[in-house]
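The values are calculated or read from the model by the stated rules, or taken from the named source; none is laboratory data. Here the structure is a predicted model, which is why all the values come from computation and not from measurement. Positions of Cβ are backbone-derived with ideal geometry, glycine not excepted, and every protein chain shown enters the neighbour counts. With ligands, DNA and RNA removed, areas are computed over all heavy atoms of the protein, side chains included. Shrake-Rupley method; radii C 1.70, N 1.55, O 1.52, S 1.80 Å.
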Amino acid sequence: MSKIARLVLLMTFWGLSLSLFTMLVLNPALFTIHNCLKMVKIAISQWFVIIYSILYLLIPYINTVIRVISKKNYQKLLIIAIFFFYIWLTFYTSTTSNDAGYGIVNFVCLYLIGAYIRKFQTAKIAKWKSFCVYVVLSGITMVFSLYFENAWNYNSIFVLGGAVALFEFFTSLNIKYNPLINTLASFTFSVYLINVNGLFNKYLCQVIFHSNEYWQSPMIAFNGIIAMIGIYVICICLEFLRSILLDKKIFKPLIKIVKGTIEVQ
C-alpha cells in the first residue's frame, strides 16, 4: 500500500504545484475558475496512476491464479484475452472494450503476458529477431494508421505485438549495473507526471521551445529533438529538487501515516 500511496501523493503534488506555479508565476492570465477546476482534475485523476494502482491491488489475486494454472490452461486464457481484447478490437468493433487500451483490461492482459513469459519461457529469443519483429510491426502500425483511426490504440494487436517484441529485445540484453541509469530510472515516473501536466507542458512547448511555430517548418524534427531533451532535463531537475527538499520531511512521513491508517482499519 505504501507504493500506491507514494504514486498518488506524487500525482497530487505535481498536479497542484505545477498548475499553480504556471498560473501564478509563469502566466497569471491563465488563473481562471476553469483552469482551477482543471488543476484539481489533473491532480487527482491521471489515468495511468489510477489504473496502475488498481492493477497493483489486483496483483496478489492474479498471482494466486498464475501459481496454480497449468501451462496449457494459461495458453488458452491468453488466446481468449488476445482474441477478444486485441484482435477483435483491431479488425472489428470496440464492443469488448472501448477505452483504446487505457483501462484496466489492457493492464491485466499485459501483466498476464509478462508473467507467462517469465514463468514458461526457458530460452531467450535472439536480439535481432525481436528487434526485427518490432520494426516490422511498427511499420504495419504506421501503414494501418493511414486507413484506420484505432491503429495507435494501446489495445491494437500490432501495438501489443510490437510491445512484446521490444520487451523481449531488452530482456535479452546483458546490461550491467550502472548507477547513473538507475538514478535516472527512479525519476522516470515523476518525469511522466510533470510532462503530462497540460498547463505546464503547454508553457514549455510554446513559450520556451516554441514548438508550435515549427509545424510547417523543415526544422520541425530538429526542434522536436531539442524540445524532447530540454523537457526531459527540466523534469529531471524538478524531481531531483523535490526529492532533496521534500522526500524525507513530507513525503515519507505522509506515506507512513497512510500505511498505518490502512493497516489499523
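Some observations on this one:
- For segment 104-128, a tally of residues being open to solvent by 50 Å² or more (accessible area, probe 1.4 Å) and either farther than 17 Å from residue 47 by Cα or not in a helix (DSSP H, G or I) (or both) returns 10.
- Checking each residue in segment 1-53 for being open to solvent by 50 Å² or more (accessible area, probe 1.4 Å) and part of a loop (DSSP other than H, G, I, E, B) picks out 1, 27, 31, 32, 45.
- Residue within segment 157-180 that is surrounded by fewer than 16 Cβ atoms within 10 Å (Cβ to Cβ), more than 22 Å from the chain's Cα centre (by Cα) and of a type in the set (D, E, K, R) present: yes
- Some residue of segment 72-94 being closer than 25 Å to residue 49 by Cβ, assigned to a helix (DSSP H, G or I), among the small types (Gly, Ala, Ser) and open to solvent by less than 30 Å² (accessible area, probe 1.4 Å): yes
- Answer from 43, 5 - the residue that is touching a residue at least 12 places away in the same chain (Cβ under 8 Å), within 17 Å of residue 194 (Cβ to Cβ) and of a type in the set (Gly, Ala, Ser): 43
- Of the helices (runs of 4 or more DSSP H) entirely within segment 144-215, those holding at least 2 residues that are in contact (Cβ under 8 Å) with a residue 24 or more places away in the chain and within 24 Å of residue 43 (Cα to Cα) occupy 188-195, 198-203.
- Subset of segment 129-147 (residues that are surrounded by 13 or more Cβ atoms within 10 Å (Cβ to Cβ) and among the aromatic types (Phe, Trp, Tyr)): 131, 134, 144
- Subset tally (residues that are under 19 Å from residue 171 (Cα atoms) and more than 21 Å from the chain's Cα centre (by Cα)) for segment 137-156: 0
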